[in-house]
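The values are calculated or read from the model by the stated rules, or taken from the named source; none is laboratory data. Just so we're clear, the structure is a prediction, and the values are computed from it rather than from any experiment. When we count neighbours, we look across all protein chains shown, and the Cβ atoms used for this are built from the backbone with ideal geometry, even at glycine. SASA here: full protein model, heavy atoms, side chains in, ligands and nucleic acids out. Shrake-Rupley method; radii C 1.70, N 1.55, O 1.52, S 1.80 Å.
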Amino acid sequence: MATKAGKPIVIKVGSSSLTTTKGRLDLANLNKIAAEISQLVKAGQKVVIVTSGAIASGALHLKLGQPKTIAEKQAAAAVGQSRLMRQYEKVFEKYHIPVAQILLSRDVITNEERKVNAQNCFKTLLKEGVIPIVNENDTVAIEEIKFGDNDTLAALTAGLIGAHTLIILTDVDGFYMKDEKGQSYLVPEIVEIDTKVTAAAGNSASNVGTGGMQTKLQAAQICQKAGISMAIIHGRKKGLINKVLAGEKAGTIFRPF
Ligand code: GLU
């Protein structure tokens, strides 16, 4: 089991890895992810999870259908967040690993006092062998103070806690570009995020969640500036998290300069 001794890693679980095609919580995949993360934690790796899925999960239990207004999204998040945490508690209980809910808003980055408080809280939880499970505090976040998407939230969380690597689980194998013949190919490693890379991110977005490749690139830029590696891997394929930590080929890795 490959670990980054001492430094924590952040694993971002996107809505696409957490929900079925019908929009329900995908417990089978959550179990797979939890099994892999538990092995790492047992091997001494400190792990923080950044999760999406609160709005998707809450929307299913309200009668409003797909939430559209901010108030509807916040209501869905309020219902869904506790359901989401209940599932995380359940899947990690099997491995006797406690989890903690941390809901962040942007002031944790901009307000020095809050930042230090949050850092101390993370440190204490990780020292105690707890997995902090982070989401945006959607129910109170207004537009001006929103992280906006969980890719950005995950990158800023990685910076906040001095992470070694951020691993983003998503519904594709990594970052794709096109060759001269217009054929798509997976890029295994990116150091410079130049205009070609930015153009390749296009407007691709998955059906669930708020991000796409553009927000993942923005997250990679935040990580690079903070000296953190970031990987994009498929959230439904086994063994990839360990491969990233072992430095083996998996998905796309963005290296700091
Ligand atoms: N915070 C949102 C939720 O839990 C997700 C935002 C995102 O996926 O980017 O539903």
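At-a-glance table
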| quantity | calculated |
| --- | --- |
| When the stretch 82-129 is reduced to its Cα atoms, the Kirkwood hydrodynamic radius in Å | 12.2 |
| Nearest-10 value in Å² for the accessible area of residue 193, using the 1.4 Å probe | 30 |
| Cβ charges +1 (Lys, Arg) and -1 (Asp, Glu), total dipole of the stretch 1-139, debye | 280 |
| Relative contact order (%) - criterion: Cα under 8 Å, at least six apart; region: the chain | 23 |
| Residues of type lysines that residue 63 reaches as a straight line, Cα spacing below 29 Å, ignoring anything fewer than 8 places off in the same chain | 12, 22, 73, 90, 146 |
| Inter-label distance, nm, simple model (7 Å from Cα along the C-beta direction), residue 66/residue 113 | 4.3 |
| Area accessible to solvent at residue 236, 1.4 Å probe radius, in Å² | 90 |
| Bins of 10 Å from zero: percent of alpha-carbon pairs in the stretch 6-163 | 11, 41, 36, 12, 1 |
| Cα-centred dipole magnitude for the stretch 102-213, charges only on beta-carbon of K, R (+1) and D, E (-1), debye, nearest 20 | 240 |
| For the stretch 214-257, size of Cβ-based charge dipole, Lys and Arg +1, Asp and Glu -1, in debye | 160 |
| Neighbour-limited loop hits for GluC sites (Glu not before Pro), the stretch 88-161 (at most 12 other Cβ within 10 Å; DSSP other than H, G, I, E, B) | 128 |
| Positive-end residue, the stretch 66-160 charge dipole about Cα centroid, Cβ charges, pick of 131, 117, 74 | 131 |
| Pairwise centroid distance, computed over Cα atoms, of the stretch 223-246 with the stretch 26-105, Å | 20 |
| Accessible area (Å², 1.4 Å probe, nearest 10) - residue 27 | 70 |
